[in-house]
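Each remark here refers to the structure printed beneath this line.
The values are calculated or read from the model by the stated rules, or taken from the named source; none is laboratory data. Worth saying up front: this structure is predicted, and the values here are computed from it rather than measured. FYI the Cβ positions are ideal-geometry reconstructions off the backbone, even for glycines, and counts take in every protein chain you see.
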Amino acid sequence: MQKVWAKRRYFLIPLLVVGILGSIAYSYGFINLDFGETKTIVLQPYDDFPDSLVTVVENGIKAQYNFEVKVFKHIPMPKKNYYKTKGKIIRYDATAILKDMKLPIGAFKIVGLVTNDITKSEYESKSSSLLGNAKRGKHWAVVSTYRLSNFGTGKVQTTDLVKTTNHELGHLLGLEHCDKKRGCLMDSGARSAFNKDSGSFCFSCKEKLAEYLVK
């Protein structure tokens, strides 16, 4: 009897190891999120946003979430969304962009993609630029590559672009900034903090996402 139990115990060890590794992989984002019913995220590129970067964003969303992604045709940025500056920098008002965006019929969320700098009209400092902007639990977000390309002077870091997009989508899905280090929803205003972002959700954020999406 003891020999039979010993054999069974050794048989259970691999299953236990697989279970532990699976839990770790899920917690640290090596397994993408699956929320059951497929939802559609719309990408709306503005002006001259590169098609190659649209594809990067599309693939990044699919890798992180169980969402379908639909890419709309490029449209010009409405002049009413421009933010007045004294210098030569073209800057958009992120708050105005979100107000101007319309959620297409059948879509779950929509993300605008721009190459120029964005800020908020309510900011006192005209030099305050943003990586992206979204209101928690709403449907509209905007992401800019301006800071991701060394303020428009260099090549866009595609990994950082994906991190930024998934961060803003996290806000649209009801998440606030997370205090977990290296989490996708960490407040990454400072470049040093942004570089530590793993691009994956922590276990706590994943639980909140699941709760939000089954409401």
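Some observations on this one:
- Residue in segment 58-79 that is farther than 22 Å from G170 by Cβ, of a type in the set (S, T, Y) and out of contact with any His (no Cβ under 9 Å at 6 or more places or on another chain) present: no
- Segment 47-78 - residue that is hydroxyl-bearing (S, T, Y) and at pLDDT 95 or above and, of those, surrounded by the fewest Cβ atoms within 10 Å (Cβ to Cβ): S52
- Qualifying residue in segment 200-209 (condition: within 14 Å of L130 (Cβ to Cβ), surrounded by 21 or more Cβ atoms within 10 Å (Cβ to Cβ) and either modelled with pLDDT of 85 or more or not charged (D, E, K, R) (or both)): no
- Residue selected from segment 83-97 under the condition at pLDDT below 90 and closer than 15 Å to D47 by Cα, by the criterion surrounded by the fewest Cβ atoms within 10 Å (Cβ to Cβ): I90
- Any hit, segment 100-120, residues being under 18 Å from the mean Cα position of the chain (by Cα), more than 20 Å from T164 (Cβ to Cβ) and of a type in the set (S, T, N, Q): no
- For G137, the requirement of being surrounded by fewer than 22 Cβ atoms within 10 Å (Cβ to Cβ), modelled with pLDDT of 85 or more and of a type outside the set (A, V, I, L, M, F, W, C) is met.
- Qualifying positions in segment 140-155 - among the aliphatic types (A, V, I, L, M) and at pLDDT 90 or above: A141, V142, V143
- Filter result for L173 (more than 17 Å from I118 (Cβ to Cβ), touching a Phe, Trp or Tyr at 6+ places or on another chain (Cβ under 8 Å) and modelled with pLDDT of 85 or more): yes
- Elements of type strands (runs of 3 or more DSSP E) in segment 45-156, at least 3 residues being touching a Lys or Arg at 6+ places or on another chain (Cβ under 9 Å): 67-71, 117-119
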